[in-house]
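The structure appears below as C-alpha cells.
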Amino acid sequence: MARKKIIAGNWKMNMTPSEAVELVNTLKPLVTTEDADVVFCVPAIDIIPAIEAAKGSNIQIGAENMYYEEKGAFTGEISPNMLTDVGVKYVIIGHSERREYFAETDETVNKKVLKAFEHGITPIICCGESLTQREQGITIDWIRQQIKIAFLNVTAEQAASAVVAYEPIWAIGTGKTATTEQAQEVCKAIRECIAEIYDDATAAAIRIQYGGSVNADTAAELFAQPDIDGGLVGGASLKPDFGKIVNYK
Ligand code: PGA
C-alpha cells in the first residue's frame, strides 16, 4: 500500500496566539489537499486557538514537545493528557534544538516516544547528524544509533504508525538543503534500520520525512524520492509558501 505523504510545519518559538489564528486562517485555503496529511506543530499556548481556527479544514494541529510523565511536579512541562484532551494527535519528539538547548538525549526521546504511543499520539521522531559527523563519514552509523534507541520497546504495530523526521542539523534554518541524493540515502538507511529491528512490512509502512530548509523550490524533488514521505518544515511553514510545499506536485 502506498504511504500517504505527511507534510508538517514546525513553528518553533514563533507566533503569539492571535498571530497563530491569523496564520491558520491565511494558510487554510492554501493547504486543502487530500493527498497528504497536513500538520501544524505549534507552541503549546497556540494549540487551542489554532485548533479552533483550523476547524472545518484538513489541518491537524500538533505539539512541538511533550513530557514523558503523566503529571506532577514538573514545572513548565506539558503532559500527554493535556494534549489529547484538546484533540492533539501528533507531537514532535527530539528535535535537534531540544537536544542542543534543552539537554534531550536518545534515552529521553525514547521515553517520550513510548509515552506518546501509550496515549495514542503519533510521534514525529527527529534524528540528524552534525556537519562534523557528516564530514567524518559517520552519518549513517549515528542515525542508526538514534533510531535504535528511539524505538527501544516500541512494538512493530506502533512503529508502523510512527513518523521519523530526518533533519541534518547543518541544514536546519541555514538555507542549505541537503541534496536530494543525501536526503534519500539517509531516509533509505532509516527504513532499512526499521526493517532490521522489526520486519519489511513495518519498514514499508513507517513514514519518513526530510527536514532542513525545505522550501517551495526544493520540495517537489525531495518528496518524489522513494523513501521520503513528506517534510518537516520550519521557516517556510510560517509563510504562504507552505501552501506551495503542501501542493508540491
Ligand atoms: P527549517 O527548519 O525548515 O527552518 O530549516 C526545519 C526544522 O527544524 O524542523
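Kindly indicate which of GLY94, GLY120 is more than 16 Å from the ligand (Cβ to nearest atom) and not hydrophobic (A, V, I, L, M, F, W, C).
Only one candidate passes the filter, namely GLY120.
I'm trying to understand the selection: among the residues of segment 216-249, which are within 17 Å of CYS41 (Cα to Cα) and open to solvent by 50 Å² or more (accessible area, probe 1.4 Å)?
GLY235, LYS239, PRO240
Would you mind telling me which numbered condition in (1) in contact (Cβ under 8 Å) with a residue 60 or more places away in the chain; (2) surrounded by fewer than 18 Cβ atoms within 10 Å (Cβ to Cβ) GLY87 fails?
Here GLY87 meets the rest and fails (1).
Looking at (1) surrounded by fewer than 21 Cβ atoms within 10 Å (Cβ to Cβ); (2) not charged (D, E, K, R); (3) not in a loop (DSSP other than H, G, I, E, B), which is the one condition that is false for VAL164?
(1)
Can you name the residue in segment 133-161 that is open to solvent by less than 50 Å² (accessible area, probe 1.4 Å) and either among the basic types (Lys, Arg) or assigned to a loop (DSSP other than H, G, I, E, B) (or both) and, of all such residues, is farthest from GLU192 (Cα to Cα)?
It comes out as VAL154.
Step by step: first the residues of segment 173-212, then only those that are more than 16 Å from ILE140 (Cβ to Cβ) and at pLDDT below 95, then the one that is least open to solvent (accessible area, probe 1.4 Å). Which residue is that? Lay out the reasoning, then the answer.
Within segment 173-212, the first condition is being more than 16 Å from ILE140 (Cβ to Cβ), and the residues that meet it are 173-177, 180, 198-202, 204-207, 209, 211-212.
The next check asks that each one be at pLDDT below 95; those that pass are 173-177.
Details: GLY173: 77, THR174: 75, GLY175: 66, LYS176: 110, THR177: 35 Å².
Of everything passing the filter in segment 173-212, THR177 is least open to solvent (accessible area, probe 1.4 Å).
So, in segment 126-176, exactly how many residues are within 16 Å of the ligand (Cβ to nearest atom) and of a type in the set (Ser, Thr, Tyr)?
Total satisfying the criteria: 3.
If you check LYS28, LYS4, LYS12, which single one turns out to be modelled with pLDDT of 95 or more and open to solvent by 60 Å² or more (accessible area, probe 1.4 Å)? Steps first, please.
Details: LYS28 fails: open to solvent by 60 Å² or more (accessible area, probe 1.4 Å); LYS12 fails: open to solvent by 60 Å² or more (accessible area, probe 1.4 Å).
LYS4 is the lone residue from the list that is modelled with pLDDT of 95 or more and open to solvent by 60 Å² or more (accessible area, probe 1.4 Å).
Which helices (runs of 4 or more DSSP H) sit wholly inside segment 168-249 and have at least 3 residues that are among the β-branched types (Val, Ile, Thr)?
Output list reads 180-197.
Quickly run through segment 106-126 and pick out the residues that are open to solvent by 10 Å² or more (accessible area, probe 1.4 Å) and either under 13 Å from ILE169 (Cα atoms) or assigned to a loop (DSSP other than H, G, I, E, B) (or both).
HIS119, GLY120
Could you list all residues from segment 211-227 that are over 16 Å from the mean Cα position of the chain (by Cα) and away from the ligand (no atom under 11 Å from the Cβ)?
ALA216, ASP217, ALA220, GLU221, ALA224, GLN225, PRO226
Between ALA103, ALA63, which is within 16 Å of the ligand (Cβ to nearest atom) and either open to solvent by 60 Å² or more (accessible area, probe 1.4 Å) or at pLDDT 95 or above (or both)?
ALA63
The values are calculated or read from the model by the stated rules, or taken from the named source; none is laboratory data. For clarity, every value in this text was computed on a predicted model and none was experimentally measured. Neighbour counts run over all protein chains shown; Cβ positions are idealised from the backbone, glycine included. Side chains are part of the model used for accessible areas, which takes the heavy atoms of the whole protein and leaves out ligands, DNA and RNA. Shrake-Rupley method; radii C 1.70, N 1.55, O 1.52, S 1.80 Å.
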